[in-house]
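Notes follow once the structure below has been shown.
We did not get these values from a lab; they are worked out from the coordinates using the rules stated. Computed from a prediction, not measured in an experiment: that's the story for all the values here. Virtual Cβ from ideal backbone geometry, glycine too; neighbours counted across all protein chains shown.
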Amino acid sequence: MERELWPILYRSVCVVAHRFTQKYVQIPGWVLILTMLWAALHDRPVNWACRMENWRTTPLRPPRLPSPRTMSRRIDGIAVGLLWRALEQHLRESVQAHPGLLAFLDGKPLCVGAVSKDPDARFGRAAGVMAKGYKLHTVWSNRPLPEAWEVTPLNLAETTVAHRLIPQLSDGGYLLADGNYDSSELFDDAGQRGYQLLTPLPKGNAGKGHHYQSPSRLRSIAVMQSNFGCQLYSARSAIERTYGNATSFGGGLAPLPAWVRGLDRVRTWVWAKLLINAARILKLKDLRQDCQMLDSEGRVHACRHVTPVGVPPAGWPGSSVLRRPR
């Protein structure tokens, strides 16, 4: 798997690196990102990837590697972060320029040991139990990478993070989430971005209280009481498969290893894992926009462009009437 994914990652980094320059550094930022991706792809510490003898399996490697000290000092910085973000956007748009009609809002716990001395890890709920660590909050659609994501300590409420994720969305559509996101403020935030947030029906007289009721929340309650709403919300299981697929291959988003501690390092590690998962999707689904790609030996070969998947197929429930909300 590593030999299949690395050419996609290497070429993507090289394409994006041409648009970035940084003064007064001996090691450019794209070399740092390649080193981090090589370590994450093999589930090894960063200092392992800083040794040239560990790159013998591929001809696609930088001419000079950074020291572990340089990686520790610069990989989490703003300058390299801009390059991370550009690489993320490049892989995200390699399938299609705009997200699909459906988007999914959810979180995934990233736990550490309960006796860990990590100063940034916190105790919080993780899939119904108390744990210590972090949480990955994402908004997924039908593209290889989340439309928006953030890593926070585990004790931070999902609704608090959602207030920061939803404003990053665009194009509009339906945003499916679980009952933890049933908040009038979130419904208003989603409506301002052109999205109709759908959550499960709350118990009791939903929408009939005397406090403020978002019009978008009242619309969600009405939709969820119809057959169309039930069929539409059944598609939310896609987020569980997305998280499952992102962790079920070598080099995927497995539990945090012992050498990844601290919020900045956890965020960078997760960033690399999300990019690796995007390369896996591009490889398995053959959803590549570039006219040429590199194979495992570095040779250039042509590839065909395949129509993106992820949109509701013709036989999918509600596909004939599914439209962007207005």
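Data for the structure
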read-out	value
Amide H contacts under 5 Å for L256, placed H, 5+ residues apart	C111
Sum of side-chain charges, G124 neighbourhood, beta-carbon under 12 Å (Lys, Arg +1; Asp, Glu -1)	+3
Within-10-Å neighbourhood charge of N155 [Cβ basis; K, R +1; D, E -1]	+4
Segments 212-219, 87-94 sorted - mean Cβ within 10 Å per residue, highest first	87-94, 212-219
Nonlocal amide H pairs with K135, under 5 Å, H built at 1.01 Å	L110, T152, L154
Nearest-ten-degree value, helix 215-224 long axis tilted from longest Cα axis of the chain	80 degrees
Phi-based couplings in Hz for the stretch 36-46 (Karplus 6.51, -1.76, 1.60; Gly and Pro marked x)	5, 5, 5, 5, 5, 5, 9, 6, 10, x, 5
When each of K117/K273; K203/K285; K203/K283 is checked by Cα-Cα distance, pairs over 32 Å	K203/K285; K203/K283
Contact order relative to length of the stretch 102-243, as percent, for alpha carbon pairs under 8 angstrom and 6 or more apart	19 percent
With 10 Å bins from 0: P(r) over the stretch 45-89, alpha-carbon pairs, percent	24, 44, 32, 0
For Cα extents along the principal axes in Å, calculated from these coordinates, the label among (1) 54, 53, 41; (2) 66, 50, 35; (3) 77, 59, 33	(2)
Neighbourhood charge, 12 Å Cβ-Cβ cut-off, centred on A97 and excluding it, Lys, Arg +1 and Asp, Glu -1	0
Degrees, to the nearest 10: 2-17 long Cα axis against longest axis of the chain	90 degrees
Between 0 and 90°, nearest 10: helix 78-92 axis offset from the chain longest Cα axis	70 degrees
In order through the stretch 251-263: 3J(HN,Hα) via Karplus (6.51 cos²θ - 1.76 cosθ + 1.60), integer Hz, x for Gly, Pro	x, x, 7, 7, x, 4, x, 5, 8, 10, 9, x, 4
Sequence ranges 50-59, 164-173, 136-145, 12-21, ranked by mean other-Cβ count within 10 angstrom, highest first	136-145, 164-173, 12-21, 50-59
Other-chain or far-sequence residues with amide H under 5 Å of Y195's (modelled H)	G173
